[in-house]
Amino acid sequence: MAFLRRDTCIRAAATVTHTFLRGVATGAAPPSAAPNCDLHRWADGLRHGLPKFTGLATFFRQPFRDTLAGLDVALVGVPYDSGANHPGTRLGPREIRNKSSVIRRVNQATGVRPFDLCAVADVGDAWVSRPYAVSTVEPTDGLRACHDEIQAFYNQLCAAGVSPVTAGGVRQGESVSPLYHSLLVTTPAYLAPQDHSISLPILRALRKAVGQPLAMMHLDAHCDTAPPDEIGAATGSRYPNYTPFSCAVEEGLIDPKRVIQIGIRGPTSTGRMLSKDFGFRVVEMEEFYDARARSIGQLARSLMGDAPVYVTFDVDALDPAYALGTGSPEDGGLTTLEAQILLRSLRGARVVGTDFVCCSPVWDTTNNTPRVAANMMFEQLCLVAEARSKFGRPFKSST
């Protein structure tokens, strides 16, 4: 069942009208010439024959979908940055959609064709509609209600057996997928630029769906494992963007012995972090530099084992020379090739979801950061598509 709002109808009409006119210009048969041809399917069929600078922007030029029927992987935007101390990441998903239009359909290094392996679609944005609401779970915590909304979206994704690739960063209160209001999104999604606190509600949904703690590869300049109680006493919330993974351990969402954090560095990491206390494998940049990417990638793959894996990627894991658009840039980071090698090292693992977070286009006047984000998100999509092809649905569908 489709739940179309007025803005969605306008967007669909514009897409179909544009495609129809393009079809007339190129001699393609209009829908009326094919008795059993659905108008939207006809438009989608022409989509990849159009120049990449035309049409409305979706992730990787995939069709926009307002239902989950027949869908394997959902590409999702998360419009949220209230858990961060620097605004701007809410704008990330829109720019990543723009830049992803130039991404090709085949991974040149691995040969993976994710759109041939799985049915993939852009399902719009999971936004926080009531950013100032009071949580019924923790009424005194200012961020919990926002996270509850995000988790509800991903609970529905998992219930439908769909796998998510997520990009974060649209302003709260702006346009949103009808799926969000109908809570029908049931695919594990890949996450892209937003504030890193959103990984926590996503992990809550995935943990519930897979029935066991997840293994995790975490690429970041910062550990994001500050003590939740201390942070809560100081700020009024236990859930800002520097506590998601300490909270995840407390709640049993991730297996500490199967967590690796790569790229850790910088003067802003000097606060008390609990990663090593938990038993995480922490690879700081000096160790990474000496060992190199392929060796660390092999280490990461061995730690993941056969457990369900979550991959979370903060853009500040990359050196600012490659991606300046983030609120917490740290010199001495990963190159883009090193990051790609690390992600590709997880081929064959049971990857059930990913995110790419903290991309803030307003801090990069060259607009290169969302382009890099789109490429990293494509690598994540390839991992999820391959895992789904190998292992089948990561969650049991309840629909």
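Every number here is computed from the coordinates shown, using simple stated rules; none is lab data. None of these values were measured; they are calculated from a predicted model. Every residue, glycine as well, gets a Cβ built from its backbone with ideal geometry; the counts of neighbours run over all protein chains shown.
For this structure, a couple of remarks:
- For region 199-210, the Karplus equation 6.51 cos²θ - 1.76 cosθ + 1.60, evaluated at θ = phi - 60°, returns couplings of 4, 5, x, 5, 4, 4, 5, 5, 4, 5, 6, 8 Hz by residue, with Gly and Pro reported as x.
- Span per principal axis, largest first, for the Cα atoms of region 312-399 (Å): 43, 28, 17
- Remark: region 360-366, residue by residue, has Karplus-estimated 3J(HN,Hα) of 10, x, 5, 8, 10, 5, 7 Hz, where x stands for each Gly or Pro and the curve is 6.51 cos²θ - 1.76 cosθ + 1.60 at θ = phi - 60°.
- FRET efficiency, 1/(1 + (r/R0)^6) with R0 35 Å, evaluated for LYS390 and SER129 via beta carbons: 0.45
- For region 57-390, averaging the sequence separation of C-alpha pairs within contact (under 8 Å, six or more residues apart) and dividing by the residue count gives a relative contact order of 22 percent.
- For region 57-390, the Rg and Dmax computed from alpha carbons only, in angstrom: 17.6, 50
- Taken along the Cα-to-beta-carbon direction at a fixed 7 Å, the label points for ARG272 and LEU337 span 4.2 nm.
- Simple spin-label estimate for THR235 and THR54 in nanometres, 7 Å along Cα-Cβ: 4.7
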